[in-house]
1. Looking for whichever is acidic (Asp, Glu) and over 24 Å from ASP31 (Cα atoms) here; the options are GLU134, GLU127. Which one fits?
2. Could you list, in sequence order, the residues of the range 103-123 that are within 16 Å of LYS81 (Cβ to Cβ) and in contact (Cβ under 8 Å) with a residue 40 or more places away in the chain?
3. Restricting to the range 128-149, name every residue that is under 18 Å from ASN103 (Cα atoms) and surrounded by fewer than 14 Cβ atoms within 10 Å (Cβ to Cβ).
4. Being out of contact with any Phe, Trp or Tyr (no Cβ under 8 Å at 6 or more places or on another chain), more than 19 Å from LEU140 (Cβ to Cβ), modelled with pLDDT under 80 and not small (Gly, Ala, Ser), is that true of even one residue in the range 75-96?
5. Please count how many residues of the range 132-149 are assigned to a helix (DSSP H, G or I) and either free of Cβ contacts under 8 Å to residues at least 40 places away in the same chain or over 14 Å from ILE78 (Cβ atoms) (or both).
6. Name the single residue, out of those in the range 11-49 being polar (S, T, N, Q) and either at pLDDT below 85 or in a loop (DSSP other than H, G, I, E, B) (or both), that is nearest to GLY84 (Cα to Cα).
7. Would you pick out the residues in the range 83-116 that are under 14 Å from the mean Cα position of the chain (by Cα) and β-branched (Val, Ile, Thr)?
Amino acid sequence: MYFLTLNAGTIGVSAVLILIVGLVIAKMIKDKKSGKGSCSCGGSCSGCGMAGSCHNAASGSDKSGTVPVEDREVVKHITLKIDGMMCGMCESHVNDAIRSALNVRKLKTSHATGISEFYTDDVVSDERLRAIIEKTGYRLLNVEREYIS
């Protein structure tokens, strides 16, 4: 029968690895709570639609443009058609920008279909959505809203 034997070296290496993983996770949680994006590219997203601009946080202060009357008091299911996403990291960049600018629920983005969709109670014009997406380096092609009472 085979038994696992642990010596001081194995225990020491295991403890160091557990400590490192714990510190990395703690930093990721701290960064997420402070509003930093999930991008790990260091600002050089070569081959990605972000092309070095992935660390620009979208501002929620742009309230320009007209807002339909229906948009003021009800939940909206918003679907965005976005051009330029090439990978899962692109999806993360778009999600981070939308989350930092709007109060959203059930946000999902697919680079394969070029679609991002979410629910929100926020009053948000097409121009504001365009600004949020274009700050990430992608292009907003279309906005569709479904109003839910």
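1. Working: GLU134 fails: over 24 Å from ASP31 (Cα atoms).
Result: GLU127 is the single residue among GLU134, GLU127 that is acidic (Asp, Glu) and over 24 Å from ASP31 (Cα atoms).
2. GLU117, PHE118
3. The answer is GLU144, GLU146, TYR147, ILE148, SER149.
4. No, every residue in the range 75-96 fails to be out of contact with any Phe, Trp or Tyr (no Cβ under 8 Å at 6 or more places or on another chain), more than 19 Å from LEU140 (Cβ to Cβ), modelled with pLDDT under 80 and not small (Gly, Ala, Ser).
5. Keep residues of the range 132-149 that are assigned to a helix (DSSP H, G or I), which gives 132-134.
Filter once more, keeping what is either free of Cβ contacts under 8 Å to residues at least 40 places away in the same chain or over 14 Å from ILE78 (Cβ atoms) (or both): 134.
The qualifying residues number 1.
6. Let us first name the residues in the range 11-49 that are polar (S, T, N, Q), namely 14, 34, 38, 40, 44, 46.
Adding the requirement that they be either at pLDDT below 85 or in a loop (DSSP other than H, G, I, E, B) (or both) leaves 34, 38, 40, 44, 46.
Values: SER34: 27, SER38: 19, SER40: 19, SER44: 16, SER46: 13 Å.
The qualifying residue nearest to GLY84 (Cα to Cα) is SER46.
7. If the condition is that a residue be under 14 Å from the mean Cα position of the chain (by Cα) and β-branched (Val, Ile, Thr), then VAL94, ILE98, VAL104, THR109, ILE115 are the ones that fit.
The values are calculated or read from the model by the stated rules, or taken from the named source; none is laboratory data. Computed from a predicted model, the values in this text were never measured in an experiment. So basically every Cβ, Gly included, is an ideal-geometry build from the backbone, and we count neighbours across all protein chains shown.
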